[in-house]
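Structure first, then comments.
Nothing in this text is a laboratory measurement; each read-out follows from the coordinates by a stated rule. Note that the structure is predicted; figures quoted are calculated from it, not measured. FYI the Cβ positions are ideal-geometry reconstructions off the backbone, even for glycines, and counts take in every protein chain you see.
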Amino acid sequence: MIDWIIKFLMLTSSIFILLAAVGILRLPDLLTRMHASTKAGALGITLMMLAASFHFFETVVMAKSLAVIIFILITAPVAAHAIGRAGYFVGVPVWTKTVKDELINCYDPKSHRLMSGLETEEELEIYRQNLDFKPRIRVKRREPGD
Amino acid sequence: MQFVIYLTFAILSLSMIVIFVRLIMGPTLPDRVVALELLASVIVAMIGAYAIYTDTSSFIDVAIVAALTAFLAAIGFARFLERGGPRDD
């Protein structure tokens, strides 16, 4: 019984990783490639470590493989975020059919700080004049009382 | 069991080849960094499969260290790219 579970987990893990590899080869630009590689790769490692913990079935090995799983699940989004942010600053070309870029003109190119475009009162007033134009943030501040 | 392990190794090796194609082709440096990161995760999965194959549980420690170095390499490359060092794609 447990043999079949291990076989199933190993095969699913390798197929997910193959899927990530095909995605990283076939998809058109950096962000979609990251979308393929991060999630499918993390799921592949998770399943393989589950297979290892079922195979050995000792407390120590189970704890170690659980540590690997938690580590992967924490670090994969962080690394993807760092690379995606760096790619955005470098100016990696996006796919030609990309619909929108919500961060355009929002980053300060010197200090790399993210601005919303609504910092001063004038910008905020212009934004309030045509609310249906850009429904981007909540205008009303939430008061601490309610 | 033996056959499934061999099949797993074959699929993982095939995906390594596919990722390597992207690593060679990749038009910009961030693409190559993403490919390297995925290559590191394939290596971690392969270490897990090898631990099952040889029935040696110590290889799980190797997997932990490989995952850690892959994460540090990705963060280092991202810092390097964002600070804008001299680079030649």
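Inter-chain neighbour count for A:89-98: the average number of beta-carbon atoms from partner chains within 10 Å of each residue's beta-carbon is 2.
Please compute the length gained on full extension between A:Leu124 and A:Asp101, using 0.36 nm multiplied by the number of residues separating them and subtracting their Cα-Cα distance.
Value of the extension gain: 6.2 nm.
Counted over all Cα-Cα pairs of segment A:1-40, pairs farther apart than 15 Å make up 46 percent.
Are there any trypsin sites (Lys or Arg not before Pro) in chain B that are in a DSSP loop and have at most 16 other Cβ atoms within 10 Å? List them by number. Write down the numbers at each step before the final one.
Details: sites: B:Arg22, B:Arg32, B:Arg79, B:Arg83, B:Arg87; in loops: B:Arg87.
Of the trypsin sites (Lys or Arg not before Pro), the ones in loops of chain B whose Cβ has at most 16 other Cβ atoms within 10 Å are B:Arg87.
Using a 10 angstrom Cβ neighbour count of at most 11 plus a DSSP loop assignment to flag exposed GluC sites (Glu not before Pro), which longest range of chain A is free of such sites? The longest uninterrupted stretch comes out as A:1-57. Taking the number of Cβ atoms within 10 Å of each Cβ as an exposure proxy, the fewest-first ranking of A:His55, A:His112 is A:His112, A:His55. Relative intensity of the protein assembly as shown on a log10 scale, I(q)/I(0) at q = 0.07, 0.11, 0.12 Å⁻¹, equals -0.31, -0.66, -0.74, per a Debye sum over C-alpha point scatterers of equal strength in the absence of solvent. If you wrap the Cα atoms of segment B:1-50 in a convex hull and average its projected area over all directions, you get 3.1 nm². Across chain B, Cα pairs under 8 Å and at least six residues apart give a relative contact order of 27 percent. Placing a pseudo-label 7 Å from each Cα along the Cα-to-Cβ vector at A:Trp4 and B:Ile75 gives an inter-label distance of 4.3 nm. Between the residues B:Ile52, B:Met1, B:Leu81, the greatest Cα displacement towards the positive end of the dipole of chain B, with unit charges on the Cβ of Lys, Arg, Asp and Glu, is found for B:Leu81. Restricting segment A:56-101 to chymotrypsin sites (Phe, Trp or Tyr not before Pro) that sit in a DSSP loop and have at most 14 other Cβ atoms within 10 Å of their own Cβ leaves A:Phe57, A:Trp95.
Neighbour counting of Cβ atoms within 10 Å sorts the residues A:Arg85, A:Arg33, fewest neighbours leading, into A:Arg85, A:Arg33.
Given a Förster radius of 25 Å and the C-beta distance between B:Thr56 and A:Val78 as r, what FRET efficiency does 1/(1 + (r/R0)^6) yield to the nearest 0.05? After rounding to 0.05, the efficiency reads 0.25.
Based on alpha-carbon centroids, what's the gap between segment A:2-56 and segment B:1-72 in Å, whole number please? A separation of 10 Å, based on Cα centres.
What you get for segment A:2-90, charging only the Cβ of Lys and Arg (+1) and of Asp and Glu (-1), is a dipole of about 220 debye around the Cα centre. Every Cα-Cα pair in segment B:2-83 was counted, and those over 19 Å apart are 46% of them.
Every pair of different Cα atoms in segment A:2-90 enters the Kirkwood calculation, which places the hydrodynamic radius at 14.0 Å. Note on segment A:21-122: dipole from Cβ charges, positive end direction compared against A:Ile69, A:Met48, A:Thr98; the farthest Cα belongs to A:Met48.
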